[in-house]
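Notes follow the structure.
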Amino acid sequence: MIDALGSSLTWKVEGLEHLRFEGEGRRPIMAFWHGRVLTATYYFRQRGIVVMISENFDGEWIARIIERFGFRTSRGSTSRGGRRALLQLKREMDRGRPSGFAVDGPRGPARKAQPGAVWLAKLTGNPVVPFHMEASRYWSLKSWDRTQIPMPFSTVALSVGAPIEVPAEADEATLEAKRVELEQSLFALERRTAAMMT
């Protein structure tokens with residue numbers, strides 16, 4: 001179903017140079033809102049990205065879906081198993097794999113960035129790279145994150161923001177400032193993708 005839907009979509013894309021999949025020896029920590037997991041799964045398929053997925057029931061079925069699209073998973077969340085999952089993500093990034101975070105997951109509140117991606121950036125020296133996707137026509141699920149499902153043959157705008165660097169010596173105040181910077185960047189990318197549709 002996701003394959004069929006995804007193949008019908010038209011894409012407007014900007015900012016891919018920020019993802020740095022090759023060169024420099026570093027990999028992005030890709031950060032996005034949970035409500036865009038379906039479009040993100042299709043667009044970034046088959047790139048070996050490692051995604052933190054919660055250990056609850058919802059996480060189980062999401063993991064099964066995204067693994068079919070070439071993603072790897074690290075199981076845990078900010079509320080359960082988070083430290084273990086972050087260490088696994090660090091190991092995967094040390095092996096040269098990019099990672100992905102739905103930063104307001106697994107249960108919200110929606111559009112409130114949790115600190116996991118920022119912590120991982122401190123641990124690994126890799127930048128957090130925010131992105132947002134917005135469909136021209138879509139359905140919204142009645143879930144906490146209002147998951148967006150593009151209608152067939154709609155257009156999806158993808159905007160990737162500038163990398164956010166987190167120093168290895170960052171203290172709690174710096175980590176919080178970087179978390180807020182990430183959140184504000186995602187809000188700006190929401191506005192940018194809306195403008196790309198006009």
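The values are calculated or read from the model by the stated rules, or taken from the named source; none is laboratory data. Note that the structure is a prediction, hence the values are computed from the model and not measured. A quick note on method: Cβ atoms are made from the backbone with ideal geometry, for glycine too, and the neighbour counts reach across all protein chains shown.
Odds and ends about this structure:
- First in segment 175-198 and under 15 Å from L158 (Cβ atoms), second anywhere and outside any helix (DSSP H, G or I) and of a type in the set (F, W, Y), Cβ under 8 Å, 6 or more apart: L186/F32; L186/W33; L189/F131
- Of the listed requirements (1) surrounded by fewer than 16 Cβ atoms within 10 Å (Cβ to Cβ); (2) under 14 Å from the mean Cα position of the chain (by Cα); (3) not aromatic (F, W, Y), S185 misses just one: (1).
- Test: residue in segment 88-109 that is charged (D, E, K, R), surrounded by 19 or more Cβ atoms within 10 Å (Cβ to Cβ), under 22 Å from V13 (Cα atoms) and in contact (Cβ under 8 Å) with a residue 60 or more places away in the chain: no
- Candidates in segment 128-152 are the residues that are in a loop (DSSP other than H, G, I, E, B) and in contact with a Lys or Arg (Cβ under 7 Å, 6 or more places away or on another chain); of these, the one that is surrounded by the fewest Cβ atoms within 10 Å (Cβ to Cβ) is M151.
- Looking across A177, A113, A117, A121, one residue alone is surrounded by fewer than 21 Cβ atoms within 10 Å (Cβ to Cβ) and either touching a His at 6+ places or on another chain (Cβ under 8 Å) or not basic (K, R) (or both). It is A177.
- Residue check, A121 among the small types (G, A, S), outside any helix (DSSP H, G or I), modelled with pLDDT of 95 or more and in contact with a helix residue (DSSP H, G or I) (Cβ under 8 Å, 6 or more places away or on another chain): no
- Single unsatisfied condition, E17 versus (1) assigned to a helix (DSSP H, G or I); (2) closer than 24 Å to S143 by Cβ: (2)
- Checked against the criterion of being more than 24 Å from T73 (Cα to Cα) and in contact (Cβ under 8 Å) with a residue 12 or more places away in the chain, segment 119-131 contains not a single residue that satisfies it.
- Test: residue in segment 161-172 that is in a helix (DSSP H, G or I) and surrounded by fewer than 15 Cβ atoms within 10 Å (Cβ to Cβ): yes
- Scanning segment 97-126 for residues that are basic (K, R) and under 14 Å from D145 (Cα atoms) returns R107, R111, K112.
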